[in-house]
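Colleague: Submitted below is the structure of interest, expressed as structure tokens.
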Amino acid sequence: MKKTLLTLFLAFSLTMVMAQTAPDFTFTDIDGNSHTLSEALEEGKVVIIDFFFVDCGPCVSWAPEIDQLIADFEGTTVEVWSISDRDSDTYIGNSVFNPTHSNHIAGGVAGGGDDVIDLYANNFSFYGFPTFAVVCTDGSITWDIWPLSSGVPEIRGELTEDCGVAELTGVREIAGLKGMKLSPNPTSDQSLLEFSLNQPTALGIEVFNALGQKVKTITSTAFSNGNHQVNLDVADLASGMYFVRMTSEKGVQTMELSVSK
């Protein structure tokens with residue numbers, strides 16, 4: 001980047017800028033593919049912009065949470081564009097920021113990352129790295145989403161509430177899982193999860209709220225093939241819409257669960 005920027009955040013000085021229009025830009029990712037923001041938005045994409053650099057300590061610390069976010073929204077309209085103003089394509093490719101999901105792309109200085117970050121630094125207050133922003137399909141941007149907490153509900157909330165993205169749907173299905181059913185649904189305290197497997201499968205079963213925050217872990221265990229029933233105790237949850245997520249090594253499936261007191 002052409003000017004020196006602080007790489008440490010002062011939490012009290014950071015504010016979220018909302019309801020502005022994202023400047024358009026084009027950059028090239030580490031695989032040589034060109035991406036233009038306005039074209040992605042016209043295709044119905046919602047873009048999370050992640051300004052980072054490989055040796056940035058806070059960026060590395062938050063990388064696992066961002067990777068889980070990317071995985072949770074894979075198969076939806078959400079894409080994450082990680083852009084560095086100083087790293088080579090090879091350096092990014094050999095780091096934790098190397099994209100491993102179909103909805104994640106990354107680019108460095110060779111692809112114009114420094115120009116993109118300069119563009120945004122000239123249009124918004126830029127305090128350091130990482131900087132996250134969410135751009136909805138209408139071009140509106142929520143800038144500098146910080147500070148973050150575990151599970152990054154701050155980013156998830158922008159996606160679901162402001163951009164209208166339905167989280168935890170359209171992702172990879174669990175091989176051999178059939179007949180997933182919740183009853184009663186709605187419920188006030190208990191619900192029975194029923195499903196069948198045509199092969200032994202290790203599953204994690206968790207409950208998330210509408211912001212994508214995990215509120216309850218039901219179980220994480222190996223299930224045999226056949227029919228299964230798992231009781232969900234949600235008596236301690238407030239009224240609202242929740243998602244019951246089942247996760248295997250290679251897939252995720254969810255169902256909505258309405259809690260009504």
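Colleague: Take the conditions without any contact (Cβ under 8 Å) to a residue 12 or more places away in the chain, over 17 Å from the mean Cα position of the chain (by Cα) and more than 30 Å from Pro130 (Cα to Cα) and apply them to Ser183. Does it pass?
Modeller: It is true that Ser183 is without any contact (Cβ under 8 Å) to a residue 12 or more places away in the chain, over 17 Å from the mean Cα position of the chain (by Cα) and more than 30 Å from Pro130 (Cα to Cα).
Colleague: Which residue, of Ser88, Ser61, Ser84, Ser95, is more than 13 Å from the chain's Cα centre (by Cα), among the small types (Gly, Ala, Ser) and within 30 Å of Asp138 (Cα to Cα)?
Modeller: Ser84
Colleague: Considering only region 43-59, state which residues are in a helix (DSSP H, G or I) and either buried (at least 16 other Cβ atoms within 10 Å of the Cβ) or modelled with pLDDT of 95 or more (or both).
Modeller: Listed by number, the residues that qualify are Pro58, Cys59.
Colleague: Answer with yes or no whether Thr26 is among the hydroxyl-bearing types (Ser, Thr, Tyr) and modelled with pLDDT under 95.
Modeller: For Thr26, the condition - among the hydroxyl-bearing types (Ser, Thr, Tyr) and modelled with pLDDT under 95 - is not met.
Colleague: Determine, yes or no, whether Phe53 is touching a residue at least 12 places away in the same chain (Cβ under 8 Å), more than 17 Å from the chain's Cα centre (by Cα) and not assigned by the TED database to the domain that holds Lys214.
Modeller: When the stated conditions are applied, Phe53 passes them.
Colleague: Tally time: how many residues in region 98-111 are surrounded by fewer than 19 Cβ atoms within 10 Å (Cβ to Cβ) and more than 22 Å from the chain's Cα centre (by Cα)?
Modeller: Count: 1.
Colleague: A follow-up question, please. In region 240-258, how many residues are closer than 17 Å to Thr187 by Cα and of a type in the set (Gly, Ala, Ser)?
Modeller: Final tally of qualifying residues: 2.
Colleague: Please verify whether Ser196 is buried (at least 19 other Cβ atoms within 10 Å of the Cβ), part of a strand (DSSP E or B) and modelled with pLDDT of 90 or more, treating the condition exactly as stated.
Modeller: No.
Colleague: Moving on to the next point. Conditions: (1) of a type in the set (Val, Ile, Thr); (2) under 16 Å from Leu159 (Cα atoms); (3) buried (at least 19 other Cβ atoms within 10 Å of the Cβ). Val116 meets all but one. Number of the miss?
Modeller: Evaluating Val116 over (1) of a type in the set (Val, Ile, Thr); (2) under 16 Å from Leu159 (Cα atoms); (3) buried (at least 19 other Cβ atoms within 10 Å of the Cβ) leaves (2) as the failure.
Colleague: Which of the numbered conditions does Tyr127 fail, given that it passes all the others? Conditions: (1) surrounded by 16 or more Cβ atoms within 10 Å (Cβ to Cβ); (2) in a helix (DSSP H, G or I).
Modeller: (2)
The values are calculated or read from the model by the stated rules, or taken from the named source; none is laboratory data. As the structure is a prediction and not an experimental result, all values here were calculated from the model. For neighbour counting, all protein chains shown are included, and Cβ atoms are generated from backbone atoms with ideal geometry for every residue, glycine included.
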